[in-house]
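Just below is one structure, and these are the notes that go with it.
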Amino acid sequence: MQVLKFGGTSVASPERIIDIVRTSLGRDRTILVCSAISGCTDTLIRLGRLASARDESYLAGLEGLYDRHRQMMEGLLSADRLPEIRAEIDGLFDSLRGILHGVFLLGELSPASLDAVQSYGELFSTKILTAKFTALGIPCRWLDSRELVKTRDGVVDTALTYANVAAAVDSQPHTSLFIVPGFIASDVQGRVSTLGRGGSDYTASLVAVAVSARLVEIWTDVPGIMTSNPKTVPTARTIRNISYRAAQELSHFGAKVIFPPTIQPVINEGIPIYVKDTFDPDDPGTLVEKNPPRREEALLGIANSDKIALISLEGSGMVGIPGFSSRLFDALTRAGINIILITQASSVHTMCIAIAEADAPAAKRAADTCFAYEISLGKLQPLKVETGFSIVCLVGDDILGHSGATGRMLAALGARGIPVRATAQGSSERNISVIVASDKADEAIRAIHGEFFDRSPLQTVNLFVAGYGTVGKALIRMIRENHDVIARRTGKDLRICGLANSRRYLIDMEGVAPDQLPEGVAGSFFDALADLSPADSIVVDCTASEEPGLRYPQLFKAGFSVVACNKIPFSGNYENYAALTAAAARAHIGLRYETTVGAALPILAALDRLAESGDTLHCVEAVLSGTLNYLCDRYEGHDFAALVEEARQKGYTEPDPAIDLSGRDVLRKTLIMARVAGIPLEESDVHLEPFPAEAELATSYAAALAAGQRLRYVASLRCGVSDATPSVTVGLQAVGPDSPLYSLTGTDNCAVITTADYSSPLVIRGAGAGPRQTAAGVLQDILSI
Ligand code: ADP
Ligand code: ASP
Ligand code: MG
């Protein structure tokens, strides 16, 4: 025998069920357990409530429900078969209408009446399916689970149920298909009862044990038990194999795909449960069994229970005095309240317990009555009740042996700024639970899922690029072009999640489309980023403006690293520079700005390493302006203004070329270079001569030519003996063939660094301007974090 159970969404697509059952019948005798069509039970409950509130609109609701079933009948059965089933369904609707009318007259919906009302959904669906199978010539028999499944005080009497089901099936040895309504039962007094919402799964496992079935299949609308509810976590994956215990734990903590009591009955019998997708029958789904194959990964999935209240007992009277916790538990048990989770040891002076929100008023009454005396003496406070919480629970086999799981879980939540109200672990070795505000629960689940289950071998690095000018554009193009090589070589999946120009920004953690920037949000990119604070994220400052630098400290606090080609934040007064680098170090945040000097040339890296290793800097002679070198190199025979414009168009100059010509750009680079080398240089320490105007340039050029020299705009930093402030000049110089600066061409930059160890200087030379060169340096900085 085999038991196949179909849930509400599946029943709403009966053709699927028919196909699957037909195939299964080729293998074995089958018991088909079905739910009501989706939404039907909810509707029935609503109608019961409306009727009890004397709201006549329940009649229209009933008509709507009839209509859905009429359509189902008409869709499945031919005209000649319709009258018979319609008569049967009409009869059921008449009796339901009678019950609702009684509820309406009484103005009261007792639990027994509610069960009676709810029971009709499964009757309708299974009766219609029985008519369909019969019409298809598949002999089948409808079994009335109200007579077979027996409850006593709300709990299934399993022995009686097994005996009833076995007798009913045994008496029909030639029937190969039985159809059984799920969810419904009757109590020992014969009144209709139900097994609780989602209870059809339980009917299936009870029936399976009764007939010693080979297997149970739970057919639903998802491809098995997954690492999380796929409606909350789009990246959830199917768990192929899972133990009975772990599946119980997941369902107990809210994985609705399987009703919690379902698994217990089959454990002793060892009957496997397959959870499968009605809409993709070939997918293997999940196999729940006693001893699943050993897995590398101990962690299984995340579940959540909502509408949780936290009740806490507080007061000095609890300290050191035994018995309070047992008295509280007793009081709650007597009030019929289920304790879901205890979040703190009872020895301290507060004890915090999670219960269902619906139980909170009864819990308060029970506790305040039980401790009335202590409360009157002021030794205890009245029970504190807080609502609006969810329990989010990470489940795995031997999860506590999984080193660091709790820490990683809390860190993942912390990184996204999700406050954790309480945690609990050790209530079983299979779960770690956190309690968060319900409006943060989905976010919390996604964060934990991301931490434990979404890890591909690649590490996603989220990039937020401020500035979409020549460098920003080149950078984004380069990241696109090189993405796969970078992923292969570094294991990093670079993703542009944010982009801004001075007016608008786009943010999307899945990635942004730069061409949509004009339709982006108008407002502060940095404000939006600080609110977001995602993990593994870098803000890339490709602007040439002041604002970003002012926001860096806030970004560091929010957990962002920063890569900048913007010189302004690093070339203001020294105190600001020092504060910025210290803030990054304090927050253990990466801060890189190699491209502020010499584009991608590793000038700052070299100076930093020399300083770190204790080498003593003697002097640096450097050509640091690609633009000005271009002008020096190409001046002869060219119109100066046209040459400047050419350099601007090629993307060498600053957005405003006057910044280059005034020497200001080189001044900024000189300050940064000195500071990285460990010299607290201020602008006032630098003797600056701007690039000369054309007439003066022509004279100098001719003189240099005559002397066999070339003009270079040089930053020269000469350190005195011991700690004396170095002499720093920036200006035009004529250099002879023996200088490494003599042979520079085009936009070359060059730094000639002389130190105690490098008496023959370290020369770093290469292209020092241009969007692609700068973008390449920015990209290298990004990858170095
Ligand atoms: P049925 O009507 O077939 O019984 P249910 O709605 O009771 O279906 O259960 C299936 C639903 O359970 C899925 O649609 C899914 O949204 C939800 N669900 C919650 N947690 C999980 C999980 N861990 N794996 C799969 N589905 C889950
Ligand atoms: N129809 C019932 C419900 O919606 C039982 C089930 O679907 O399993 O809760
Ligand atoms: Mg269900």
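Since every read-out is calculated from the coordinates, none of them should be taken as a lab result. Being a predicted model, the structure only gives us computed values, none of them experimental. Methodologically, a virtual Cβ is constructed for each residue, glycine included, from the backbone with ideal geometry; neighbour enumeration extends over all protein chains shown.
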Can you pull the percent of Cα pairs in segment 644-715 with separation above 21 Å?
-> 41
Rounded, prolate or oblate: which one fits segment 1-144, using the alpha carbon gyration tensor with axes a ≥ b ≥ c (rounded when a/c is under 1.5, else prolate when a/b beats b/c, else oblate)?
-> prolate
So, by mean Cβ neighbours within 10 angstrom, what's the order for 6-12, 151-157, 570-576 with the highest one leading?
-> 6-12, 570-576, 151-157
Arrange the following residues from fewest to most other Cβ atoms within 10 Å of their Cβ: C40, C393.
-> C40, C393
Please give the helix 441-452 orientation as an angle from the longest Cα principal axis of the chain, in degrees from 0 to 90, rounded to the nearest 10.
-> 70
Charge-dipole axis of the chain as Lys and Arg at +1 and Asp and Glu at -1 on Cβ define it, positive-most pick from G107, H687, L607 | G107
Quick one: dipole size for segment 504-631, taken about the Cα centre, charges +1 on Lys/Arg Cβ and -1 on Asp/Glu Cβ, in debye to the nearest 20.
-> 260
So what's the angle, to the nearest 10 degrees on a 0 to 90 scale, between helix 120-135 and the longest Cα principal axis of the chain?
-> 80
Segment 201-244: chymotrypsin sites (Phe, Trp or Tyr not before Pro) in DSSP coil with no more than 13 other Cβ atoms inside 10 Å = none
Cα centre as origin, Lys/Arg/Asp/Glu Cβ charges: the chain dipole, Debye | 1700
Can you give me the three principal axis dimensions of the chain from its C-alpha atoms, in Å, biggest first?
-> 118, 75, 53
Under the rule of -39500 (n - 2.57) per DSSP H run of 4 or more residues, summed and divided by the residues of the chain, what mean residue ellipticity at 222 nm is obtained, to the nearest 500 deg cm²/dmol?
-> -12500 deg cm²/dmol
Packing-ranked peptide list from 135-146, 117-128, 223-234, highest mean Cβ count within 10 angstrom first, is 117-128, 223-234, 135-146
Past the 20 Å Cα-Cα mark, which pairs from K127/K256; K132/K256; K127/K276; K256/K307; K492/K650; K492/K669?
-> K127/K256; K132/K256; K127/K276; K492/K650; K492/K669
How big is the antiparallel share of DSSP beta bridges in segment 164-285, given as a percent to the nearest 5?
-> 45
Which percentage, to the nearest 5, of the DSSP beta bridges contained in the chain is antiparallel?
-> 60
Cβ-Cβ cut-off under 15 Å around A213, Lys and Arg +1, Asp and Glu -1: the net charge is -2
For the chain, the longest principal axis of the Cα atoms and the Cα long axis of helix 603-612 enclose an angle in degrees, to the nearest 10, of 90
Using only Cα atoms, figure out Rg for segment 399-528 and give it as a multiple of 2.2 N^0.38 Å.
-> 1.33
Taking the Cβ of each residue in D439, D633 as the centre, tally the other Cβ atoms inside 10 Å and list the residues starting with the fewest.
-> D439, D633
Take every DSSP beta bridge with both residues inside segment 397-510 and express the antiparallel ones as a percent of the total, to the nearest 5.
-> 45
Highest-first arrangement of 513-526, 531-544, 258-271, where packing means the average Cβ count within 10 Å | 531-544, 258-271, 513-526
If r is the Cβ-Cβ distance from L59 to A358 and R0 is 45 Å, what FRET efficiency results, to the nearest 0.05?
-> 0.95
Among V257, N338, A208, the residue whose Cα sits farthest towards the positive end of the charge dipole of the chain (+1 at Cβ of Lys and Arg, -1 at Cβ of Asp and Glu, taken about the Cα centre) is A208
Rounded, prolate or oblate: which fits segment 559-614, taking a ≥ b ≥ c as square roots of the Cα gyration tensor eigenvalues, rounded meaning a/c under 1.5, else prolate when a/b beats b/c?
-> rounded
